[in-house]
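A.B. asks: Before anything else, here's the structure in question.
None of the figures in this text is laboratory data; all of them are computed from the coordinates on show. Small disclaimer: the values here were computed from a predicted structure and weren't measured. Because the Cβ atoms are built from the backbone with ideal geometry, glycine has one as well, and the counts that use them run over all protein chains shown.
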Amino acid sequence: MRPTPTFARPTSQELASFYQAAGHAFHEPVGPMELELSVQRFEPQRCAGFRVGERWVATVSSYDQQLTVPGGIVRVAAVNNVTVAPDFRRTGLMTRMLTDQLTDVAGEGIPVASLWASESGIYGRFGYGHAVDRLALSGPTQTMAFHPEVDLGSGWVEEVETAQLRPVAPPLRAAWSPTRPGTVDRSPAWWNIVLRDDEQSRDGAGPLRHALHRNATGDADGYATFRIARPPGDWRQLQVVEVVAHTLPGYARLWRFLLDIDLVRTFRHHQCGTDEPLVHLVADPTGLKRELLDGLFVRIVDVEQALRVRRYAVDVDVVLDVEDPLLPANTGRYRLRGGRDGADVTRVNDEPQLSMHVRTLGSAYLGGVSMATLARAGLVHTDDDACLARTSTAFGWDRAPLAADFF
Ligand SMILES: CC(C)(COP(=O)(O)OP(=O)(O)OC[C@H]1O[C@@H](n2cnc3c(N)ncnc32)[C@H](O)[C@@H]1OP(=O)(O)O)[C@@H](O)C(=O)NCCC(=O)NCCS
């Protein structure tokens, strides 16, 4: 008879075997550096799973992070390492882990959970909604001249070593992240992973390289991280990892630097926002390939708290009916009165104007998926088109959310 797995939390000494079990389920061998850095980043009390004897046959973990939402920041459980070993799949282990995890997250008072899905059909049943699309940009570098009126400012770009970037990039990113919904804060342990550059992390490309933008007075106000790959029999390719800039001239000049690197013919950047300005800096974007990929899934764990913490693009006063079979405490009617200066959310018994599953609210939460679109997909129910239009506008935001942090 198949042994029955038992629920367990890894001790600090067991985190390595826990992470290796997750890597095995992802069919990805875990190298020594990845193992060391990932274990350092774990929050052991947020790791759980099932095991048979010493062997982990199921894993789940999360990080306690800060997620930028429109006009604010919310505490988020950044969920990852959801795995079940192939010989224990479809026996309900994931369901038990994710359900228990959501109960724990709610018990801790964390209003939102979020994750990246390896396959997008997995998480809807747990109330996670597809909230952020990722734009993958690629194309030839040599035809990417900018419009003549693009302001490159009077700063400059210098290439720097990782050791030089290390003290500069974290504060730049920490100041930039609160302006970009969808991004999360990065701990020092996470930066170690971002800047990791062993052979395995290169995935066939060259070493990790960095460019720093300095403004006219010499202050660093942006950076880019990239690799250069040479696919067999092909020209070199620029692989952009991240571009963070506080100003448009810094952003434009960093991209100009990247696109002008000699001996490179093509580029790609898979972590762009859907409103990436680069598309509009380029004079002739004909060759620019734009591909939409899955990004973040969002799970509203506490409707009241989550709606209160964000801001709304226009004033809104609406009664929402939210259904949450998995966390029934969430199910109910909420009056949301909000705008650019704040929001008030109260439970009411009034007739709802818009009704939806908590998964749908998660999709709309970061402003990346319009509530009107969700209504057209049959996921928001209403008889009041004017209210839907206004609420949909209110849930939007000035910038599209960005799924830039793979956790
Ligand atoms: C995805 C994974 C964790 C599922 O674990 P599991 O224990 O088999 O899941 P469960 O038995 O609890 O399944 C619950 C439900 O989810 C469904 N489901 C599971 N994996 C699914 C998938 N990849 N796509 C769509 N539905 C899926 C099951 O069919 C089941 O549906 P049912 O209740 O209607 O029968 C496991 O297959 C795995 O580890 N895969 C490889 C790693 C991976 O992709 N992890 C996800 C990281 S984001």
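A.B. asks: Can you tell me which residue is surrounded by the most Cβ atoms within 10 Å (Cβ to Cβ) among those in region 15-45 that are part of a loop (DSSP other than H, G, I, E, B) and more than 16 Å from the ligand (Cβ to nearest atom)?
C.D. replies: F42
A.B. asks: Counting just the residues of region 326-340 that are in contact (Cβ under 8 Å) with a residue 60 or more places away in the chain and in a loop (DSSP other than H, G, I, E, B), which one comes out nearest to E108 (Cα to Cα)?
C.D. replies: So in region 326-340, the residues in contact (Cβ under 8 Å) with a residue 60 or more places away in the chain come out as 326-327, 329, 340.
When the remaining residues are screened for being in a loop (DSSP other than H, G, I, E, B), the result is 326-327, 340.
Details: L326: 17, L327: 14, R340: 28 Å.
Only one residue tops the list, namely L327.
A.B. asks: Name the single residue that is nearest to the ligand (Cβ to nearest atom) among those in region 67-87 being among the small types (G, A, S) and assigned to a loop (DSSP other than H, G, I, E, B).
C.D. replies: A85
A.B. asks: Looking only at region 116-154, count every residue that is among the small types (G, A, S), touching a helix residue (DSSP H, G or I) at 6+ places or on another chain (Cβ under 6 Å), over 17 Å from I261 (Cα atoms) and more than 16 Å from the ligand (Cβ to nearest atom) and tell me the total. Lay out the reasoning, then the answer.
C.D. replies: Here is the first cut: in region 116-154, the residues among the small types (G, A, S) are 117-118, 120-121, 124, 127, 129, 131, 136, 138-139, 145, 153-154.
Checking the rest, the ones that are also touching a helix residue (DSSP H, G or I) at 6+ places or on another chain (Cβ under 6 Å) come to 124, 127, 129, 131, 139, 153.
Next cut, over 17 Å from I261 (Cα atoms) only: 124, 127, 129, 131, 153.
From what's left, more than 16 Å from the ligand (Cβ to nearest atom): 153.
Summing the residues that are among the small types (G, A, S), touching a helix residue (DSSP H, G or I) at 6+ places or on another chain (Cβ under 6 Å), over 17 Å from I261 (Cα atoms) and more than 16 Å from the ligand (Cβ to nearest atom) in region 116-154 gives 1.
A.B. asks: Any residue in region 92-104 that's without any contact (Cβ under 8 Å) to a residue 60 or more places away in the chain and closer than 18 Å to F297 by Cα: show its pairings with residues that are assigned to a helix (DSSP H, G or I) and more than 8 Å from the ligand (Cβ to nearest atom) at Cβ separation under 7 Å, as long as the two are six or more apart or on different chains.
C.D. replies: L98/F126
A.B. asks: Moving to a separate point now. What are the residues in region 88-115 that are surrounded by 19 or more Cβ atoms within 10 Å (Cβ to Cβ), near the ligand (Cβ under 9 Å from one of its atoms) and outside any helix (DSSP H, G or I), if any?
C.D. replies: Of everything in region 88-115, just one residue is surrounded by 19 or more Cβ atoms within 10 Å (Cβ to Cβ), near the ligand (Cβ under 9 Å from one of its atoms) and outside any helix (DSSP H, G or I), namely L115.
A.B. asks: Just give me the residues in region 265-322 being out of contact with any Leu (no Cβ under 6 Å at 6 or more places or on another chain), small (G, A, S), surrounded by 18 or more Cβ atoms within 10 Å (Cβ to Cβ) and in a loop (DSSP other than H, G, I, E, B), in sequence order.
C.D. replies: Passing the criteria: G295, A313.
A.B. asks: Would you be able to tell me the number of residues in region 199-255 that are surrounded by 15 or more Cβ atoms within 10 Å (Cβ to Cβ), basic (K, R) and outside any strand (DSSP E or B)?
C.D. replies: So the answer is 2.
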